[in-house]
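The values are calculated or read from the model by the stated rules, or taken from the named source; none is laboratory data. Model, not experiment: these values are computed from the prediction. We place every Cβ from the backbone using ideal geometry, glycine too, and count neighbours over all the protein chains shown. Areas reflect the complete protein model, heavy atoms only, side chains present, ligands, DNA and RNA absent. Shrake-Rupley method; radii C 1.70, N 1.55, O 1.52, S 1.80 Å.
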Amino acid sequence: MALNALGRHIALVGYMGAGKTAIAPRLAERLGRRLVEADRLLEGRVQLTIGEFFAKRGETEFRVAEAALIRETLALDEPAVIDLGGGAVKTPTARNALAARAFTVLLDVEADTAWERVRQSDRPLAQDEAAFRRIYEERLPLYRQVADATVRTGDVDGAVLAAAGVHHELGAIERLGELVPGDGPVALVADETVMGIYGPAAQTALGDRLRSVHELPPGEPAKQLHVVGRLWSELRVDRGGTVVALGGGAATDTAGFAAATYLRGVPWVAVPSTLVGQVDAGIGGKTAIDIPEGKNLVGAFHWPARVVVDEGLLETLPERETRQGRAELVKTELLAGRRLDVRSAAAYKAGLCLRDPHDHGPRRWLNLGHTFAHGLEAAADFDLPHGEAVALGLLAALRLSGHDTAPVVDALDPQPVRVDRERAWAALLRDKKRTGDDINLVLLGEDGPYVAARPPDQVRAALDSLIRD
Ligand SMILES: NC(=O)c1ccc[n+]([C@@H]2O[C@H](COP(=O)([O-])OP(=O)(O)OC[C@H]3O[C@@H](n4cnc5c(N)ncnc54)[C@H](O)[C@@H]3O)[C@@H](O)[C@H]2O)c1
Ligand SMILES: [Zn+2]
């Protein structure tokens, strides 16, 4: 079973009428991947429609040609989104190729719905209802056998989340034992506060697999070398074991980094318990700790084997922390150009990270507003909550983009802060990559985010507008 689609093709399988053809191009666009429509490709090659091919040469010959094409497509290096024909899974060689090279997503559809959708079509296997239903029953076990994930018809966010290994479910913590991949031992790591609230439920759910329990100091103080050092000494899992990190971004960053480095890397599962964690920090495999020279300066990319997003955990989150998350949520809404809930915001970030796991391209869009935020935070000696700094940073980024600032003002109402202007400016310059004198920033255009260089005086003016005397 593949855990995610990192470096793997995404193959969409499902019965006629499951909506593969509708979802495939949207998924390919979200992930910046090439779309391969197996049936169309085959029709182009044989210069016959699928219907004609069936009629002239029979299903057996069709399956042989189809399986060859699937193997060929799956052998391509660059991960694509592949819309497979409904019967492709009948051929064992096609199933083996899927298991080896693809993350296979089953689009689930009820037989009734599927029949309603295809009964008027000219598809060869949709001419007779009894036969259609019989084949549906025959295929279902094959689909289930090849599927790494199952998604409702039309659910693009669901497909993106599945491809990133993100599981979103209310009450998921009660099923944590099943959601941690494999059957090896588990080390549970959580900050003291979160362990106090959700530790018992998590431990019960992990059952016999639970090998050890580790507490971290709550919040940013967890992200220290000595805390990671203690974890390294205490962990008792081998490479067949899994570190489960339960808590906010500080806990998942710390435990994730420990998992990335212990035994040169053991699998880990993130269970983010803050809004920041569920829409941002828990997703995408960046882990890091702080050193005296700066925040997040030592870390690793280590994609979690699974991210479990249980919005029920947010019930106990203090309002102060919820506000932090709202700023990142508004940022994500600006990037996506639409309103988002926790699930769709998580899916947006997951999509960008899958597209660009190592942060060389579109993943950098997630830094919208953060250049300014980092400058303000440093000038405030990190006494300014990150969310407040981001809210202000978004304001500056929108102003520089010539974009309406109402979405940020209405949702977050950021107020200028009193910090030293020169210190904030110096910190901003230190933080940024430069093109000559100009400063590279994420801006927001008509068609979405882009990275561009802006002259220092413009950037300075935008920063100054966030500071009061
Ligand atoms: N890796 C990434 O991609 C990434 C992205 C964004 C932020 N981060 C990091 O995340 C950190 C911030 O994380 P955060 O905002 O999630 O806060 P946090 O982890 O610092 O937690 C904030 C506080 O909330 C408490 N808490 C957490 N969950 C709770 C719950 N469900 N109920 C009650 N209390 C709860 C914690 O005990 C803590 O006191 C920063 O260190 C930042 O660098 C990382
Ligand atoms: Zn942020």
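If one takes the longest principal axis of the Cα atoms in the chain, at what angle in degrees, from 0 to 90 and to the nearest 10, does the Cα axis of helix 225-234 lie?
It works out to around 50 degrees.
Pairing the Cα long axis of helix 20-31 with the longest principal axis of the chain, what angle in degrees results, from 0 to 90 and rounded to the nearest 10?
30
Going through region 219-281, which trypsin sites (Lys or Arg not before Pro) have at most 13 other Cβ atoms within 10 Å and a DSSP loop state?
236, 239
Per residue, how much accessible surface does region 60-116 expose to a 1.4 Å probe? Answer in Å², no decimals.
40
Of the peptides 448-456, 144-152, how do they stack up when ordered by the mean number of other Cβ atoms within 10 Å, highest first?
Sorting 448-456, 144-152 by mean packing, highest first, produces 144-152, 448-456.
Provide the solvent-accessible area of residue 95, counting protein heavy atoms only and rolling a 1.4 Å probe, rounded to the nearest 10 Å².
That residue has around 50 Å² of solvent-accessible surface.
Out of the total accessible area of the chain (probe 1.4 Å, heavy atoms of protein only), what percent is carbon and sulfur?
49
Could you pull out the GluC sites (Glu not before Pro) across region 141-180 that fall in loop regions by DSSP (anything but H, G, I, E, B) with no more than 15 other Cβ atoms inside 10 Å?
Filter output for region 141-180: 169.
Across the chain, how many lysine pairs separated by 8 or more positions, or lying on different chains, have Cα atoms within less than 14 Å?
Taking the chain as the scope, the lysine pair count is 5.
So which GluC sites (Glu not before Pro) in region 279-319 pass both tests, a DSSP loop state and at most 16 other Cβ atoms within 10 Å of the Cβ?
293
Determine the distance separating the Cα centre of region 299-336 from the Cα centre of region 115-180; give it in Å without decimals.
28
Where does the chain land at 222 nm, in deg cm²/dmol rounded to the nearest 500, when only DSSP H runs of n ≥ 4 count, each adding -39500 (n - 2.57), divided by all residues?
Value at 222 nm, helices only, nearest 500: -14500 deg cm²/dmol.
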